[in-house]
1. Only strands (runs of 3 or more DSSP E) wholly contained in region A:286-383 count here; list those with 1 or more residues that are within 14 Å of another protein chain (Cβ to nearest Cβ).
2. Please work out if A:Ala161 is open to solvent by 30 Å² or more (accessible area, probe 1.4 Å) and either over 18 Å from A:Leu125 (Cα atoms) or touching a residue at least 60 places away in the same chain (Cβ under 8 Å) (or both).
3. Among the listed residues B:Gly32, B:Gly11, identify the single one that is open to solvent by less than 10 Å² (accessible area, probe 1.4 Å), farther than 19 Å from B:Val364 by Cβ and not charged (D, E, K, R).
4. Take the residues of region B:271-294 that are open to solvent by 10 Å² or more (accessible area, probe 1.4 Å) and touching a strand residue (DSSP E or B) at 6+ places or on another chain (Cβ under 7 Å): which is nearest to A:Asp278 (Cα to Cα)?
5. Restricting region B:301-312 to residues that are open to solvent by less than 10 Å² (accessible area, probe 1.4 Å) and out of contact with any Leu (no Cβ under 9 Å at 6 or more places or on another chain), which is nearest to the other protein chains (Cβ to nearest Cβ)?
6. Going through region A:270-284 one residue at a time, which ones are facing chain B (nearest Cβ under 7 Å) and either without any contact (Cβ under 8 Å) to a residue 60 or more places away in the chain or more than 19 Å from A:Asp298 (Cβ to Cβ) (or both)?
7. Right, A:Ile87: at pLDDT below 95 and surrounded by fewer than 20 Cβ atoms within 10 Å (Cβ to Cβ) or not?
8. Scan A:Gly360, A:Gly352 and give me the residue that is at pLDDT 95 or above and over 23 Å from A:Lys28 (Cα atoms).
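The values are calculated or read from the model by the stated rules, or taken from the named source; none is laboratory data. Source: prediction; values computed, not measured. For neighbour counting, all protein chains shown are included, and Cβ atoms are generated from backbone atoms with ideal geometry for every residue, glycine included. Accessible surface is based on the protein model in full, side chains and every heavy atom, while ligands, DNA and RNA are left aside. Shrake-Rupley method; radii C 1.70, N 1.55, O 1.52, S 1.80 Å.
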Amino acid sequence: MIKKEMIAMLLAGGQGSRLGVLTSKVAKPAVTFGGKYRIIDFPLSNCINSGVDTVGVLTQYQPLRLNTHIGIGIPWDLDRNIGGVSILPPYEKPVDTEWYTGTANAIYQNLNYIEMFHPEYVLILGGDHIYKMDYEVMLDFHKASQAAVSLAVMPVPWEEASRFGVVVTDETSRITEFQEKPEEPKSNLASMGIYIFTWSVLKEALLANKDVPECDFGKHIIPYCRAKGQKMVAYEYNGYWKDVGTLSSYWEANMELIDIIPEFNLYEEFWKIYTSGDIIPPQYISEDAQIHRCIIGDGTEICGRVENSIIGAGVVIQKGAVVKDSIIMKGTVIEENAVVEKAIIAENTRVGAGCVLGCGEEKPNRYKPEVYTDGLVTIGEDSVIPAGVRIGKNTAIIGKTEAADYPEGILESGESIIKDGDEA
Amino acid sequence: MRAVGIILAGGNSEKMQELSYKRAIAAMPVAGSYRSIDFALSNMTNSGIQKVAVLTQYNSRSLNEHLSSSKWWDFGRKQGGLYVFTPTITVENDSWYRGTADAIAQNLDFLRQCHEPYVVIASGDGVYKLDYGRVLEYHIEKKADITVVCSNLPQGDNITRFGVVRMNPDGKITDFEEKPDSAHGDMVSTGIYVIRRRLLIELLEKAQQQNRFDFVKDILVPYRTLKRMYGYRMDTYWRNISTVDAYYQTNMDFLKPAIRDYFFRQYPNVYSRIEDLPPAKYNPGAAVKNSLVSSGCIINGTVENSVLFKKVYVGNDCTIKNSIILNDVYIGDHTHIENCIVESRGTIQADSSYIEKEGIRIVVEKNERYIL
């Protein structure tokens, strides 16, 4: 009988709508990070580094990039005879076919996958955080506590605690109370959305809640287990952990990598982060280039000035172009004399010669004011920006835009051009 | 594909000086992210050759490490694969590879068991892109017994280290001189051959009986008029890296846009082993001009007209000019390096100076490294 002590289920089906046009064509876990990686590389690398070699990746929203990125899991050593990585999309059944309607529902629909491995424990992960964590240590804690459910938590500043779901614990780390975005938090331990369940407990809970619409871990399964009196403990984690669910936190997390010795250090030999890199050549820095505080990916050609930026693999920055405080993803071209300031430009985009991005006064975005904030210019993948246009702050663009899309050659601050037939 | 591949990667050359101490030439790092043998291996896979034998002998640790998995070049299939053959003691044989022909002859069983009618033989020290399928077509069209891929002598290289080929307008080889004292013409053999598998087996068996072990001296040269030998002119970029000067020059060639475009951006790609390194990082103080920088590098100083291989650390206030820094070198603060090749895994102490006025200096520094 196949037997794995613990397997991981990685929830990667969400759109991540707060990343705006960045996730119009890809699921959030497939968004690139740090000049080389994609967000899902972090939990996947954590899995294999923790000795968890069986991972089910639940996909639903725009899965193509995720599927091709993960493949059979070779970069993470997850191509295994038994176990390894499996992509688990929703599927048709004789009756009651449905999409994944909630996080727990997605797991419920894949009970058969989990049962194949006869696990003692199941690790539930999300695909939207940047961190390095040893899940095996968490499992040891789970076992030592004789818990039915362990939640990974981390201390956050008290004044921010009301933005999170916080857990209140006793001196033995046993959870006594949950508070979801409380106005007056009783604790500063925020839940990280990482759970270890004793499989028999989770299975019972999933079956009992199978008819709950949009069945969710936080809203249904955890309260159910609590009501049944299952022992729940909080595993305190004290390392770097960054949510990259919003454009501003995504931008910030990237920028933090540039620090001389970043808090989140990718250059350590221990606990490597693996990814599927298809670009091998070195980067070329030309005679005319100026580079100040940057991280630059493989195969890039830089002929312009680049400051405080994260440049992905295969990017071309032509002569006279200036890129500041920006994230430029894989395969994008910034043409001659373009000026890019505080922008996030997704993959395979072309910014025309002499464009100016991020100019003018800051104004709230009219289309989605809560998404496009902090003065960022956000451009979705495969976009084209015609030569010579000026683009203001808090703007969003996706699609092959033409000069006609920019009245008088300007996209004012707070405006958007969504041309790719989607509602990002 | 109707051919199997053989890559001769056992060689060493005194002309590589200290660089050959720790590795076979085929394992020499090239152009920042590659090793020399990647070019032949990628050409094989891009030509559709699925079965490749690599013959190694001299200090093959680096090379074996590089070839530890065949997946990077898309070998390791059910039909075919990548085979690394080192000399072994058998009932009939107790010697090392005594030459290129002997190296193949000692692995004749491999050739006998293949079913492909042709063999492509290449060396591991060439930097080039070539579709061997085109050479094979030429070989068949000319009804040749042996086809030798030829190239004009690269500018500035020394003809006396090559086999010099003369051919008639049809491409038939009329003369083949190995490493002549004085050259007649500038068409040289690239060490890439196409030959029918059965003919190769026959020629090697004959050579073994006569205790002759070199593929060029004992097979090509003696048979140059007895067999139908044709030259295939390769007019694209080709360099052989097995002297210090040629090695340095080949790396520096990659600073030229046309060469980079040809190798890095034009299809088909050159493949190499992936090492899971983070992207390169430029800290305050970094000033990089006209240089190649590979993944895992951290730069705090000035780098000009140089090639930095993977995982190089350049300290504060350093100046590196016209140099090649191989993999995993740590360069301490206030160091000045000009016209040097710094051997891999070296540690250069702070405040050092390595300035070569004429020619290229090879720097091998094995200092204690205290930094992680």
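1. Values: elements: A:290-296, A:305-311, A:322-324, A:339-341, A:343-345, A:356-359, A:377-379.
So the answer is A:290-296, A:305-311, A:322-324.
2. Values: open to solvent by 30 Å² or more (accessible area, probe 1.4 Å): no; either over 18 Å from A:Leu125 (Cα atoms) or touching a residue at least 60 places away in the same chain (Cβ under 8 Å) (or both): yes.
No: the conditions fail for A:Ala161.
3. Details: B:Gly11 fails: open to solvent by less than 10 Å² (accessible area, probe 1.4 Å).
Answer to the selection: B:Gly32.
4. Going through the qualifying residues, I end up with B:Asn290.
5. Within region B:301-312, the first condition is being open to solvent by less than 10 Å² (accessible area, probe 1.4 Å), and the residues that meet it are B:301, B:303, B:306-309, B:312.
If we keep only those that are out of contact with any Leu (no Cβ under 9 Å at 6 or more places or on another chain) too, we end up with B:301, B:303.
Working: B:Gly301: 12, B:Val303: 8 Å.
Looking at the filtered set, the residue picked out is B:Val303.
6. Restricting attention to region A:270-284, the residues satisfying the condition of being facing chain B (nearest Cβ under 7 Å) are A:272, A:274, A:277, A:280-284.
Answer for region A:270-284, where residues must be facing chain B (nearest Cβ under 7 Å) and either without any contact (Cβ under 8 Å) to a residue 60 or more places away in the chain or more than 19 Å from A:Asp298 (Cβ to Cβ) (or both): A:Ile280, A:Pro281, A:Pro282, A:Gln283, A:Tyr284.
7. On the way: at pLDDT below 95: no; surrounded by fewer than 20 Cβ atoms within 10 Å (Cβ to Cβ): yes.
Criteria not met by A:Ile87.
8. Details: A:Gly360 fails: at pLDDT 95 or above.
Selected residue: A:Gly352, the only one of A:Gly360, A:Gly352 that is at pLDDT 95 or above and over 23 Å from A:Lys28 (Cα atoms).
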